[in-house]
């Protein structure tokens with residue numbers, strides 16, 4: 001499963017993705033984009049950003065810290081007016097949501 005990207009400003013959306021790739025679950029040596037934790041990026045015409053993301057499990061130890069960290073980093077992307085993270089557990093994250101890069105890195109391929 002890859003993230004759904006809703007954005008007219010594709011270059012700004014790419015900057016958002018690049019910033020997301022600097023965020024890691026501290027227990028897994030792969031960024032949250034490659035892990036498949038980002039479900040949707042929605043960038044409106046005024047550059048207000050909403051990101052729908054999940055965690056590897058509802059009881060993930062970084063549930064309180066990772067989403068705010070991602071949000072703070074995204075607020076720092078030049079051109080972003082506002083950034084908001086929405087956390088969901090539907091659908092539940094599965095290993096099959098990881099990119100090939102992540103699966104190779106973690107020894108699943």
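Per-structure values
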| read-out | value |
| --- | --- |
| Over segment 9-109, relative contact order from alpha-carbon pairs under 8 Å, at least 6 apart, % | 30 |
| Beta bridge orientation in the chain: antiparallel %, DSSP, nearest 5 | 40 |
| Cα-based helix-to-principal-axis angle, 10-20 vs the chain, degrees rounded to 10 | 40 |
| Near-label residues of segment 72-89 by backbone N, under 14 Å of a point 7 Å along Cα→Cβ of residue 11 | 78-80 |
| Residues 38, 20, 5 arranged by fewest to most Cβ contacts within 10 Å | 5, 20, 38 |
| At R0 = 41 Å, FRET efficiency that the Cβ-Cβ distance of residue 106 and residue 82 yields, to 0.05 | 0.75 |
| Sequence of 45, 71 once ranked by neighbouring C-beta atoms within 10 Å, starting from the fewest | 45, 71 |
| Helix-only mean residue ellipticity at 222 nm for the chain, each DSSP H run of n ≥ 4 adding -39500 (n - 2.57), per residue, nearest 500 | -7000 deg cm²/dmol |
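Taken together, the values in this text are just the output of simple stated rules run on the coordinates, not laboratory data. Quick caveat, the model's predicted, so the values are computed rather than measured. Neighbour counts run over all protein chains shown; Cβ positions are idealised from the backbone, glycine included.
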